1. Can you tell me how much longer the chain between Thr157 and Glu58 gets when fully stretched, taken as 0.36 nm per residue apart minus their C-alpha distance, in nm with one decimal?
2. For the chain, what is the accessible area per residue in Å² when the probe is 1.4 Å?
3. What is the percent carbon and sulfur in the accessible area of the chain, measuring with a 1.4 Å probe over the protein chains and ignoring ligands?
4. Taking N as the number of residues in the chain, what is its Cα Rg relative to 2.2 N^0.38 Å?
5. So for the range 34-157, taking the charge dipole from beta-carbon charges (+1 Lys/Arg, -1 Asp/Glu), which of Ala92, Gly153, Ala52 sits furthest toward the positive end?
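The values are calculated or read from the model by the stated rules, or taken from the named source; none is laboratory data. Computed from a prediction, not measured in an experiment: that's the story for all the values here. So basically every Cβ, Gly included, is an ideal-geometry build from the backbone, and we count neighbours across all protein chains shown. Ligands, DNA and RNA are stripped out before the accessible areas are found, and what is left, the full protein with its side chains, is counted by its heavy atoms. Shrake-Rupley method; radii C 1.70, N 1.55, O 1.52, S 1.80 Å.
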Amino acid sequence: MGKTVLVVVLVIVLGGAGAAWWLYRSLDRVVASAIRTYVPPIVGVNVQLDGARIQPAEGLASLHGLVLGNPEGFQTPHAFAVQQIRMQLDVATLTQNLIVVREIRIEQPEVTYEYASGGSNLQVIQRQVEAYIAAASSSASHAKDPADGQGPGKKLTIDHFIVQ
């Protein structure tokens, strides 16, 4: 009986370690897939992404080939495109009240401003994001327990913001 329990525990531990290793190795694909899936409903336009590179231990992340389409009624193919967005985070600050982002670098951005009867394409996207946030915070406030304490949230500082 003792050997059976030991084998079961060993299988569970090895399975958990294997799953963690697989997740770590496929983190780039998981993040890229999440962006492609969850960002379009937020911004209300098509989103394309060539890929993502995440290095959590170093606090590095980058997105490659990000394109936000245009809302319906606009003629140009996209509102925003960027070759690469890179971010470097000070990982040690994640557990502190002030999170430090060392650098955000946006390379080769292309913003298309187009005006139509409902305003500009960027205004339409902004209204969509605001409506999404309002709906999400409304449903979150209904689900929140009033007895839960609400302390001050974390703060964020960005040392360098570079657009090339």
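1. Full-extension gain reported as 33.9 nm.
2. So the chain comes to 69 Å² accessible per residue, rounded to a whole number.
3. 61
4. After normalising by residue count via 2.2 N^0.38 Å, the value is 1.38.
5. Ala92
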